[in-house]
Amino acid sequence: MSTLNLFKIIRVHIVVGGFLAFSLGALLAIVGDGSFDYARFIFGYVVVLLGDLSTHYGNDYFDVEVDKYIERKKIFSGSGILVNNPNLRSLSKTISLALLVGSNVLAGIVVVFLGFPLAFFILFLGASLVGWFYSAPPLRLISRGFGEVAVAFVTGFAIPGLGYLAIRGHFDPVFLYFAIPFTMYGLILSLSLHAPDVEVDRIGGKRNLAIRLGQRRSFFLILAISFSATVAFWIYAWQNAFLIVDFGVVVLFSIIPLVSGVLGFVGFFQKKEVNQISALNIVALFVFNMLMITYLLLMVLTT
């Protein structure tokens, strides 16, 4: 049945990435003297999950004309389901809107009935609208040069921030310090997603940073950002910014995205496939998040 193809629009690896980012924020809150609450964690993540799924269906719907030009399926690109099943396009848009509205309604409910801070609703509303207008007109951020900024904000600040707010109830210097390099990694993620599709995106009318810079300078920027994130963590360690986290350990974790950035930049000049270079950067970010979560989880369990 063709409607079953709608489930294939969901990209599991992106959902996993969102869960890791939310969990990282929640664990930071616990380590920062927050108290873990299963209900707050679960309901907070369900809000994020519904909003995440909305972007899957919405982006596939609004990018269907661009996806027609993709000759070879890439793991982090659109699903292509709506290209081969045009009868599902309208339903996909409806599902995206329903998830968008439903997630924000649930965000309001957890604020009213579970004591979540109002900041949780405001941040999620902003992130969900950015996710919708990332590819939806009239704003269509990806076509106005704000696509990378949108991804960096949502993945590097908003999702970890929602996890932090769900547990801690407010922002404090602990999260704000981490938010700077996290947002840098969000920008690396966005550049790595866009770099392999420069030609296709140009045909489709997108005007993202990867198109303006070109692939060579995009990978140089990824290297520069990954280096800057490591330097930021090193400065925190040097200043003994917070005794609750050993930033020396975090610096070691940050070497993984840095090494990936170096290999990617060098690999581009060695004529390695751009999609493989980008995938390596994205995997490195996944590994960083998993190491951070493991480290923080061990801290929680041993204190």
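The values are calculated or read from the model by the stated rules, or taken from the named source; none is laboratory data. Note that the structure is predicted; figures quoted are calculated from it, not measured. Note: ideal-geometry Cβ built from the backbone for every residue, glycine included; neighbour counts use all protein chains shown.
Taken together, Ser218, Ser190, Ser260 contain a single residue that is surrounded by 19 or more Cβ atoms within 10 Å (Cβ to Cβ), of a type in the set (Ser, Thr, Tyr), touching an Asp or Glu at 6+ places or on another chain (Cβ under 6 Å) and in a helix (DSSP H, G or I), which is Ser190. Among the candidates Ser79, Ser103, single out the residue that is under 28 Å from Leu193 (Cα atoms), within 21 Å of the chain's Cα centre (by Cα), modelled with pLDDT under 75 and small (Gly, Ala, Ser). Testing whether each residue is under 28 Å from Leu193 (Cα atoms), within 21 Å of the chain's Cα centre (by Cα), modelled with pLDDT under 75 and small (Gly, Ala, Ser) leaves just Ser79.
Within segment 138-155, how many residues turn out to be touching a residue at least 60 places away in the same chain (Cβ under 8 Å), of a type outside the set (Val, Ile, Thr) and crowded, with 21+ Cβ neighbours inside 10 Å?
Residues of segment 138-155 that are touching a residue at least 60 places away in the same chain (Cβ under 8 Å), as a first pass: 140, 142-145, 147-148, 155.
Narrowing the set further to residues that are of a type outside the set (Val, Ile, Thr) leaves 140, 143-145, 147-148.
Narrowing the set further to residues that are crowded, with 21+ Cβ neighbours inside 10 Å leaves 147-148.
Counting residues in segment 138-155 that are touching a residue at least 60 places away in the same chain (Cβ under 8 Å), of a type outside the set (Val, Ile, Thr) and crowded, with 21+ Cβ neighbours inside 10 Å gives 2.
Among helices (runs of 4 or more DSSP H) entirely within segment 78-187, having at least 3 residues that are within 21 Å of Ile282 (Cβ to Cβ) and out of contact with any strand residue (DSSP E or B) (no Cβ under 9 Å at 6 or more places or on another chain) singles out 118-133, 147-152, 159-168.
Taking the conditions exactly as written (touching a Lys or Arg at 6+ places or on another chain (Cβ under 9 Å) and buried (at least 21 other Cβ atoms within 10 Å of the Cβ)), does Ile225 satisfy them or not?
no
Do we find that Ala29 is in contact with a helix residue (DSSP H, G or I) (Cβ under 8 Å, 6 or more places away or on another chain), over 23 Å from Trp132 (Cβ atoms) and modelled with pLDDT of 90 or more in this structure? Judged against the criteria, Ala29 is a match. Filtering Ser96, Ser103, Ser135, Ser128 for residues that are surrounded by 19 or more Cβ atoms within 10 Å (Cβ to Cβ) and in contact with an Asp or Glu (Cβ under 6 Å, 6 or more places away or on another chain) leaves a single hit, Ser135.
How about segment 1-71: which helices (runs of 4 or more DSSP H) wholly inside it have at least 2 residues that are over 16 Å from Lys93 (Cβ atoms)? Reasoning before the result, please.
Values: elements: 12-31, 38-62, 64-67.
Hits in segment 1-71: 12-31, 38-62.
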